[in-house]
Amino acid sequence: MERALEIREKNLPPDDPDIASTLNSLGAIAFGKGELAKARQLWERTIAIRERVLGQDHPYLAQSLNNLAVVHIKTGDAAGARPLLERVMRIQEKTLGPNHPDLAFAISNLADVLLMSQDYVGARDLYKRAVKILEASSPQHPELGRFLSGLADVALETGDIATARQLYQRSLAIREKLYGKNHYDIVGSLVGLANCDRKATRYEQSEATFKRALSLCRQPNGQYRIDAAGYLDDFASCCE
């Protein structure tokens, strides 16, 4: 992708859509590697080009705005993510309609922001809307597991352990079916179940599930993934 960008920047006008597409892909690679500052820079460049070339209401612009918002979420910047996601939703509702899967992803990301801000009612309503859209349009989509896990997070934060456990179990079943039992993408559901047991004072079960989840957070070099920090904090609470 870096070679493609070099060729395109040399031979195409600075605002060519192909340059924006390459920058967008490089941002995704950087994000996947945990290089959030680099991903942010690349996606900001993508957005600048797409705004100038495609206008203010193009789905590709919404895609890049959503990507940038996720960087803000990952760095704990709920205030920075919220206006981006609200803009994404306005664009997608206008151009894609109220029941498009891409809109569900933006809705769920905004729900994440509200959950971070402790707006539990708002977060729950958005997660439910996202789940409803994806169940109707793409019931086998792996992101449905994430939406259900977010809805479970709200239930757990508001003290409804039974509902949270049911939602986490459903989320885990979807993710294990798609990814298998030893894939990192099932970790969020496992940690949720571990936290249910922790809050219900079932510490042995909680510890066992935490250990299973954390084993999936190990990288080939033995180090934990950067986003395992929160899971380790929760496990520490279980061990107190």
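Just so you know, all these numbers are worked out from the coordinates, no wet-lab data involved. Keep in mind that this is a model prediction, so the values were computed, not measured. Counting neighbours? That spans all protein chains shown, and the Cβs are built from the backbone with ideal geometry, glycine included.
In summary, the lysines within cross-link reach of Lys199, defined as a Cα separation below 23 angstrom excluding same-chain residues under 8 places away, comprise Lys211. What residue among Ala111, Phe147, Pro59 has its Cα farthest toward the positive end of the dipole of the chain, where the charges are +1 on Lys, Arg and -1 on Asp, Glu, each on the Cβ? Of the candidates, Phe147 comes out farthest on the positive side. Only Lys, Arg, Asp and Glu carry charge here, each on its Cβ (+1 for the first two, -1 for the last two); on that basis segment 132-238 has a dipole of about 300 debye about its Cα centre.
Computed over Cα pairs, the Kirkwood radius of the chain leads via Stokes-Einstein (1.002 mPa s, 20 °C) to a diffusion coefficient of 112 µm² per second.
Sorting Phe31, Phe105 by the number of Cβ atoms found within 10 Å of their own Cβ, with the fewest placed first, yields Phe31, Phe105.
Given +1 at the Cβ of Lys and Arg, -1 at the Cβ of Asp and Glu and no other charges, the dipole of the chain around its Cα centre is 400 debye to the nearest 20. The alpha-carbon positions of segment 110-204 define a convex hull whose volume is 89 Å³ per residue. Along its three principal directions, the equivalent ellipsoid of segment 1-54 from the Cα gyration tensor extends over semi-axes of 19, 13, 7 Å, largest first.
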